[in-house]
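K.L.:
Dumping the structure here so I can ask a few things about it.
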């Protein structure tokens, strides 16, 4: 039995189904990231766990006990809100101490704990200030300190980095990861940023329209996406997708964009079947010279410093390839590429689900 | 002269002329509003002889505070000749609890209507708003019945009750609009931190409500202090508020008409609202704006 169990959870408001039967299990000490586009229900799910928005059906169990009947304050869950939700009329120390004060911790002990957590998050020098006098990154730390000081059995993070600038986001992201590793806390984290999901999670749940698309480790989600939505959502740039038809001996595909350029498949399929061929940009290289090599014209070159992204034209479609920074592709000239077919992912043309090799 | 100013000047005459017109108009309107006040003050410091003989707009030749003392302590209202001081305290004893209670209840209503929404909260709010638009006169008789049943007729407590009930619609409206813009995440956060209904109200919401509290207090204070109709209907005689006493003083027709005493009494009656405005007027504008923009 897992530490956190969410069991066929549903929520609907006025005939609108926000959550359509969510099942999640998370072990103690795990870092679960709920990811998906806006409106997919991930924040609603988080609020249901927190007890702020009751579900209409299903159950949430922590440590084997249903928490649905418990008031938010009795669930022993701390939450970091997107807006940080710091109490504007209290100092930083009072903010951090508020949950302790509510639980009746004596003043002396409270002050010790405030100082200890302030030290962990390097905000000791800010304890006497008010939230209005802090920068975004500092507010973020105070919000985390207020959650941390309670030592709850579960932490919830609701898009905590979305109000920070890009550089600070990377810093705080690392900070959260460090905190998780140090404290061994159990965390459920909501974001729409797939990089945050990949970097932080031990387990990712990808959601869309109130339905879980896939649940698994970051590597599973990235390498073996369950369907085209997950493949497209996770990874930047998005996975290259080429719709087409199985052709020839069943081990090749004729892409719709360029039917004469046959692409090899990782396994045999029924000839004539509609499929979508997916391959990530890093699995296309400009090296190798095998029979499967393609010569494609270069349309756009995007150097990022560490890599060079190249957009290639294949008939009426485009492919992005990630090349080493040392390579020097020339605009409008042909580039000879090979694909690592073993890393390619094949989806059914109709159901848009991933197809595995056996039995087709 | 910049191009803009030049354009204005050619369109509407030279710049200085505009200034003269604008300031001239402002001065005229200021004079229109200030003259009565000036006449009141000037008259209240004159002796009766001077009033009879002199110019109404003239400054007092021989200023005396006698009318003020008389108005406060010994003018005859009805059959008693103890001035208006008793009624002044009546008004204070009515206005302070009525303002405090209606403001607190309004804040509590606003809190519930925005942060603890229940089924039908819109209807409840709509009905409370409706109370703002009911004319005073139409509730007089039912209100008199209610006060009679409660045994509060002709008492200051009764007046407090009337003003609290009647003011609740306004104060609820003020606070609801203000709290509507208050981030709900803060409430959620406090809930998760273990704070209950009243703790959240007292520790999180109220400390951030200063501007709207000021608006509410000024609005309620002026309305209740200046109210005449409820006062004259529900609290005649000993427990009458200031406004009613002032009316009785002015309309008592025993002997000579003492304009100077009447004026002094009127100024005393107007003084508390004036003081409240002067002290808190700045916050009043700010609070009204905040409510208007965010609400």
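K.L.:
Hey, among the residues in the range A:88-103 that are facing another protein chain (nearest Cβ under 9 Å) and surrounded by fewer than 21 Cβ atoms within 10 Å (Cβ to Cβ), which one's nearest to the chain's Cα centre (by Cα)?
P.N.:
It comes out as A:88.
K.L.:
How many residues are surrounded by fewer than 20 Cβ atoms within 10 Å (Cβ to Cβ) and either in contact with a helix residue (DSSP H, G or I) (Cβ under 7 Å, 6 or more places away or on another chain) or away from chain B (no Cβ under 14 Å) (or both) when one looks only at the range A:75-87?
P.N.:
1
Conditions (1) more than 14 Å from chain A (Cβ to nearest Cβ); (2) free of Cβ contacts under 8 Å to residues at least 12 places away in the same chain, marked per residue:
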{"position": "B:155", "(1), (2)": "yes, no"}
{"position": "B:168", "(1), (2)": "yes, no"}
{"position": "B:175", "(1), (2)": "yes, no"}
{"position": "B:194", "(1), (2)": "no, yes"}
{"position": "B:200", "(1), (2)": "no, no"}
{"position": "B:234", "(1), (2)": "yes, no"}
{"position": "B:246", "(1), (2)": "yes, no"}
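K.L.:
Here is a further query. Here are the criteria: (1) modelled with pLDDT under 90; (2) touching a strand residue (DSSP E or B) at 6+ places or on another chain (Cβ under 6 Å). Tell me which single one residue A:261 does not satisfy.
P.N.:
The number of the failed condition is (2).
K.L.:
Please count how many residues of the range A:324-359 are in contact with a helix residue (DSSP H, G or I) (Cβ under 9 Å, 6 or more places away or on another chain) and without any contact (Cβ under 8 Å) to a residue 40 or more places away in the chain.
P.N.:
0
K.L.:
Which residues, taken from the range B:130-151, are in contact (Cβ under 8 Å) with a residue 40 or more places away in the chain and either within 25 Å of residue B:200 (Cβ to Cβ) or over 21 Å from the mean Cα position of the chain (by Cα) (or both)?
P.N.:
Just the residues of the range B:130-151 that are in contact (Cβ under 8 Å) with a residue 40 or more places away in the chain, to begin with: B:132, B:136-137, B:140, B:143-144, B:147.
Hits for the range B:130-151 are B:143, B:144, B:147.
K.L.:
Does residue B:173 satisfy the criteria of being under 18 Å from the mean Cα position of the chain (by Cα), closer than 16 Å to residue B:108 by Cα, in the same structural domain as residue B:247 (by TED's automatic domain parsing) and surrounded by 14 or more Cβ atoms within 10 Å (Cβ to Cβ)? It would help to see each step written out before you state the result.
P.N.:
Values: under 18 Å from the mean Cα position of the chain (by Cα): yes; closer than 16 Å to residue B:108 by Cα: yes; in the same structural domain as residue B:247 (by TED's automatic domain parsing): yes; surrounded by 14 or more Cβ atoms within 10 Å (Cβ to Cβ): yes.
In short, yes.
K.L.:
While we're looking at this one, here's another question. Residues that are in contact with a helix residue (DSSP H, G or I) (Cβ under 9 Å, 6 or more places away or on another chain): find the strands (runs of 3 or more DSSP E) completely inside the range A:231-316 holding 1 or more of those.
P.N.:
Working: elements: A:240-247, A:252-255, A:274-279, A:294-303, A:307-314.
Per the criteria, A:240-247, A:274-279, A:307-314.
K.L.:
Could you say which residue among A:38, A:83 is in contact (Cβ under 8 Å) with a residue 60 or more places away in the chain, within 24 Å of residue A:186 (Cβ to Cβ) and assigned by TED's automatic domain parsing to the domain that holds residue A:164? Please lay out each step first, then the result.
P.N.:
Details: A:38 fails: within 24 Å of residue A:186 (Cβ to Cβ).
Answer to the selection: A:83.
For (1) assigned to a loop (DSSP other than H, G, I, E, B); (2) within 14 Å of chain B (Cβ to nearest Cβ); (3) within 15 Å of residue A:81 (Cα to Cα); (4) modelled with pLDDT of 90 or more, each residue gets a yes or a no:
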residue: A:129; (1), (2), (3), (4): yes, no, no, yes
residue: A:142; (1), (2), (3), (4): no, yes, yes, yes
residue: A:146; (1), (2), (3), (4): no, yes, yes, yes
residue: A:157; (1), (2), (3), (4): no, yes, yes, yes
residue: A:160; (1), (2), (3), (4): yes, yes, yes, yes
residue: A:176; (1), (2), (3), (4): no, no, yes, yes
residue: A:180; (1), (2), (3), (4): no, no, no, yes
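K.L.:
Filter the range A:42-61 down to the residues that are within 27 Å of residue A:151 (Cα to Cα) and away from every other protein chain (no Cβ under 14 Å) and list them by number. Don't jump to the end; show me each part of the working.
P.N.:
Going residue by residue through the range A:42-61, those that are within 27 Å of residue A:151 (Cα to Cα) are A:42-55, A:59-61.
Passing the criteria: A:42, A:45, A:55, A:59, A:60, A:61.
K.L.:
Would you call residue A:197 in a helix (DSSP H, G or I), within 11 Å of the chain's Cα centre (by Cα) and under 24 Å from residue A:307 (Cβ atoms)? Let's see the steps before the verdict.
P.N.:
On the way: in a helix (DSSP H, G or I): yes; within 11 Å of the chain's Cα centre (by Cα): yes; under 24 Å from residue A:307 (Cβ atoms): yes.
Against the criterion (in a helix (DSSP H, G or I), within 11 Å of the chain's Cα centre (by Cα) and under 24 Å from residue A:307 (Cβ atoms)), residue A:197 qualifies.
The values are calculated or read from the model by the stated rules, or taken from the named source; none is laboratory data. Being a predicted model, the structure only gives us computed values, none of them experimental. Note that we place each Cβ from the backbone using ideal geometry, even for glycine, and neighbour counts take in every protein chain shown.
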